[in-house]
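Notes follow once the structure below has been shown.
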Amino acid sequence: MSNVEELQYEEELDLSTLTDDELVEQMFDDMYNGLHDELIEGTDILLERGWAADKVLNDVLVAGMAIVGADFRDGILFVPEVLSAANAMKGAMAVLRPLLAETGVESIGKIVIGTVKGDIHDIGKNLVSMMMEGAGFEVIDIGINNPVENYLEALEKHKPDILGMSALLTTTMPYMKVVIDTMKEKGIRDDYIVLVGGAPLNEEFGEAVGADGYCRDAAIAVDIAKSLVAERRGMAQAAFG
Amino acid sequence: MTDTIIGSAAKEIVIGFERPFVIIGERINPTGRKTLAAEMKEGDYSRVEADARAQIAAGAHALDVNAGIPLADEPRILAEVIQLVQSITDTPLCIDSSIVAALQAGLEVYQGKALVNSVTGEEEQLEQVMPLVKKHEAAVVAISNDETGISEDPDVRFEVAKRIVERAADFGIKACDVVVDPLVMPVGAVNSAGQQALKLIHRLRTELKVNTTCGASNISFGLPNRDGVNGAFLSMAIHSGMTSAIANPLHREVVNATLGADVLMGRDPDCARWIKRFREPPVTGEGAARGRRQSRRRRA
């Protein structure tokens with residue numbers, strides 16, 4: 001059905017007339033369909049009804065994104081659809097973030113992510129960023145062609161849970177080891193979870209450079225990030241619950 | 001009219017504006033192929049050999065050879081693979097690595113005029129790769145990005161390509177020996193990626209007058225029925241002026257789209273290549289029987 005037909009024939013749904021349960025279901029659908037404005041409207045309504053920001057985040061946005069992530073992994077949803085859903089989530093997060101900060105709620109996790117020195121490829125990294133954001137992570141993207149100093153500076157400044165590094169070339173991927181080795185020298189390696197990814201990498205390479213995880217694709221990156229952060233925070237149970 | 005000639009010791013092929021479209025088979029590449037990577041690392045090249053034969057049989061005009069395996073001796077493996085492939089076929093090769101030492105090792109053992117894949121607009125790269133290309137009198141794939149990244153603006157990428165062609169000339173490499181890769185982005189992630197690529201290909205063809213190649217299947221990353229998008233893209237890119245692609249000839253849509261586009265662009269006189277490729281073989285039964293009867297009559 002084209003957009004024009006939808007506009008003509010689909011009855012306008014007034015979100016405010018729904019019960020909480022119906023509204024949450026509707027928001028799952030809206031996120032799944034990448035409806036940015038509708039998801040923000042739903043978020044506003046729940047907040048007006050007295051929902052705490054972290055409840056909206058966890059019970060609606062993160063839960064909704066989990067449905068999207070599962071269907072992406074199973075080949076039911078495709079990249080453009082996931083990006084739309086992540087974009088809708090981002091809109092709702094913009095509403096929630098100041099409230100979450102006010103109440104001092106701990107976010108699901110924070111990640112500093114960037115492509116390594118000598119490498120200017122960023123589509124894969126951007127996909128990971130968007131999926132991470134969609135899953136509720138706070139993402140600090142430091143872009144492409146990052147020497148070790150950039151990573152250290154960002155770690156110092158943002159104190160993330162995770163450092164993510166990306167590379168698309170066999171020439172640039174060894175630089176991941178340079179970064180990790182420097183972190184070791186400075187005695188800060190174990191302060192962070194280090195995840196690596198990129199087309200030429202594999203599991204073995206991830207282990208060899210001393211990363212905590214190799215992420216084959218963006219959906220897997222989110223899964224690994226969630227479980228490692230949860231493990232770190234001593235609540236591994238929650239990650240699988 | 002620009003012709004880029006590449007060849008083995010016994011065979012030359014031409015990538016050119018008025019020539020049939022050239023398919024460079026992409027399969028000999030361990031990226032994302034776990035078994036192949038493990039085998040290549042152990043020096044088992046049986047799958048490489050099978051991939052080479054299958055791609056040639058399917059219609060590849062040249063073969064890309066890549067040995068980008070993490071934590072492996074890429075220069076040695078690449079050189080060994082090139083020697084192996086050249087021992088079983090005279091199809092020209094495209095030597096593919098982002099490691100200069102691997103390109104060098106490959107060029108040293110290669111028989112003929114290779115296509116080196118690739119050099120970018122990064123000055124450090126240019127200074128390392130271009131002298132190798134010149135020394136071995138090879139042709140080179142130029143990727144239209146530089147230190148600043150991959151621009152989404154096709155006009156910026158055009159300027160990068162132009163600078164690479166100019167820098168190539170500084171090293172004594174002719175423009176006809178530079179094949180530009182416009183860098184095809186996934187249209188599922190960047191919605192204008194198709195239009196960007198087509199616009200850039202057109203400018204490269206009409207203004208810079210160079211041959212072009214690309215990793216065509218990038219366009220459909222993250223989408224269902226990738227073959228459909230790949231085929232459509234290849235046809236449109238050929239109309240815009242693209243003259244070769246690094247693609248999988250075992251995929252029917254690649255062969256259909258490129259041979260079909262050759263027909264429509266007037267590069268397949270009397271549609272002879274198309275007919276030869278797709279003529280139904282005589283079926284057993286009626287057709288076969290007719291053949292037998294005719295030969296009996298002739299003998300009688």
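Values in this text are rule-based calculations from the coordinates and carry no lab data. All values derive from a computational prediction rather than experimental measurement. Quick reminder, even Gly has a Cβ in these numbers, built from the backbone with ideal geometry, and neighbours come from all protein chains shown.
Take the conditions (1) among the aliphatic types (A, V, I, L, M); (2) under 27 Å from B:A139 (Cα atoms); (3) in a loop (DSSP other than H, G, I, E, B); B:I238 misses just one of them, which is (3). When region A:207-228 is examined, which residues are found to be buried (at least 22 other Cβ atoms within 10 Å of the Cβ) and more than 25 Å from A:F78 (Cβ to Cβ)? Selection gives A:V209, A:A211. If you go through region B:109-123 one residue at a time, do you hit one that is surrounded by 19 or more Cβ atoms within 10 Å (Cβ to Cβ), in contact (Cβ under 8 Å) with a residue 12 or more places away in the chain, of a type outside the set (D, E, K, R) and part of a helix (DSSP H, G or I)? Checked against the condition, which is being surrounded by 19 or more Cβ atoms within 10 Å (Cβ to Cβ), in contact (Cβ under 8 Å) with a residue 12 or more places away in the chain, of a type outside the set (D, E, K, R) and part of a helix (DSSP H, G or I), region B:109-123 yields no hits at all.
For region A:173-212, the candidate set comprises residues that are within 16 Å of A:V112 (Cβ to Cβ), in a loop (DSSP other than H, G, I, E, B) and not charged (D, E, K, R); within that set, the residue that is nearest to the other protein chains (Cβ to nearest Cβ) is A:A211. A:G136 falls short on exactly one of the conditions (1) over 19 Å from A:E231 (Cβ atoms); (2) not in a helix (DSSP H, G or I), and that condition is (1).
Considering (1) away from every other protein chain (no Cβ under 14 Å); (2) of a type in the set (A, V, I, L, M, F, W, C); (3) touching a residue at least 24 places away in the same chain (Cβ under 8 Å); (4) in a helix (DSSP H, G or I), the lone condition that B:L78 does not fulfil carries the number (1).
From the residues in region A:76-86 that are within 12 Å of chain B (Cβ to nearest Cβ) and part of a helix (DSSP H, G or I), which one is farthest from A:D30 (Cα to Cα)?
Taking region A:76-86 and keeping what is within 12 Å of chain B (Cβ to nearest Cβ), we get A:76-84, A:86.
From what is left, the residues that are part of a helix (DSSP H, G or I) are A:79-84, A:86.
Numbers: A:V79: 17, A:P80: 15, A:E81: 12, A:V82: 12, A:L83: 13, A:S84: 10, A:A86: 11 Å.
Filtering first and then ranking leaves A:V79.
Assigned to a loop (DSSP other than H, G, I, E, B) and either touching a strand residue (DSSP E or B) at 6+ places or on another chain (Cβ under 6 Å) or within 12 Å of chain B (Cβ to nearest Cβ) (or both) - does that describe any residue in region A:67-75? The answer is yes, given that some residue of region A:67-75 is assigned to a loop (DSSP other than H, G, I, E, B) and either touching a strand residue (DSSP E or B) at 6+ places or on another chain (Cβ under 6 Å) or within 12 Å of chain B (Cβ to nearest Cβ) (or both). B:D64 falls short on exactly one of the conditions (1) crowded, with 23+ Cβ neighbours inside 10 Å; (2) within 14 Å of chain A (Cβ to nearest Cβ); (3) out of contact with any helix residue (DSSP H, G or I) (no Cβ under 8 Å at 6 or more places or on another chain), and that condition is (2).
For region B:51-60, give me each residue that is buried (at least 17 other Cβ atoms within 10 Å of the Cβ) and either without any contact (Cβ under 8 Å) to a residue 60 or more places away in the chain or in a helix (DSSP H, G or I) (or both).
Taking region B:51-60 first, the residues buried (at least 17 other Cβ atoms within 10 Å of the Cβ) are B:51-52, B:55-56, B:58, B:60.
If the condition is that a residue be buried (at least 17 other Cβ atoms within 10 Å of the Cβ) and either without any contact (Cβ under 8 Å) to a residue 60 or more places away in the chain or in a helix (DSSP H, G or I) (or both), then B:D51, B:A52, B:Q55, B:I56, B:A58 are the ones that fit.
Among residues that are among the basic types (K, R), within 14 Å of chain B (Cβ to nearest Cβ) and in a helix (DSSP H, G or I), A:K157 is not included. With respect to the conditions (1) away from chain A (no Cβ under 14 Å); (2) of a type in the set (V, I, T); (3) in a loop (DSSP other than H, G, I, E, B), B:V187 lacks only one, and its number is (1). In region B:249-270, the residues that are closer than 17 Å to B:L63 by Cα reach residues that are hydroxyl-bearing (S, T, Y) and in a helix (DSSP H, G or I) with C-beta atoms within less than 9 angstrom, at least six apart or across chains, in these pairs: B:P249/B:T258; B:H251/B:S217; B:V254/B:S217; B:T258/B:S235.
Counting only residues that are closer than 17 Å to B:T2 by Cα and over 20 Å from the mean Cα position of the chain (by Cα), region B:209-228 holds 0 of them.
With respect to B:G172, determine if the residue is without any contact (Cβ under 8 Å) to a residue 40 or more places away in the chain, over 25 Å from B:A247 (Cβ atoms) and in contact with a helix residue (DSSP H, G or I) (Cβ under 7 Å, 6 or more places away or on another chain). When the stated conditions are applied, B:G172 passes them.
Okay, residues lined up against (1) closer than 30 Å to B:C271 by Cβ; (2) under 12 Å from the mean Cα position of the chain (by Cα):
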{"residue": "B:E12", "(1), (2)": "yes, no"}
{"residue": "B:F17", "(1), (2)": "yes, no"}
{"residue": "B:R27", "(1), (2)": "yes, yes"}
{"residue": "B:T35", "(1), (2)": "no, no"}
{"residue": "B:K41", "(1), (2)": "no, no"}
{"residue": "B:E49", "(1), (2)": "no, no"}
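Please specify each residue of region A:105-133 satisfying the condition of being outside any loop (DSSP other than H, G, I, E, B), within 14 Å of chain B (Cβ to nearest Cβ) and either among the aliphatic types (A, V, I, L, M) or surrounded by fewer than 24 Cβ atoms within 10 Å (Cβ to Cβ) (or both). Correct list: A:V116, A:I123, A:G124, A:N126, A:L127, A:V128, A:S129, A:M130, A:M131.
Within the group B:I143, B:I150, B:I164, which residue is under 20 Å from the mean Cα position of the chain (by Cα), of a type outside the set (K, R) and within 14 Å of chain A (Cβ to nearest Cβ)? Break it down into steps so the answer makes sense when it comes.
Working: B:I150 fails: under 20 Å from the mean Cα position of the chain (by Cα); B:I164 fails: within 14 Å of chain A (Cβ to nearest Cβ).
So the residue among B:I143, B:I150, B:I164 that is under 20 Å from the mean Cα position of the chain (by Cα), of a type outside the set (K, R) and within 14 Å of chain A (Cβ to nearest Cβ) is B:I143.
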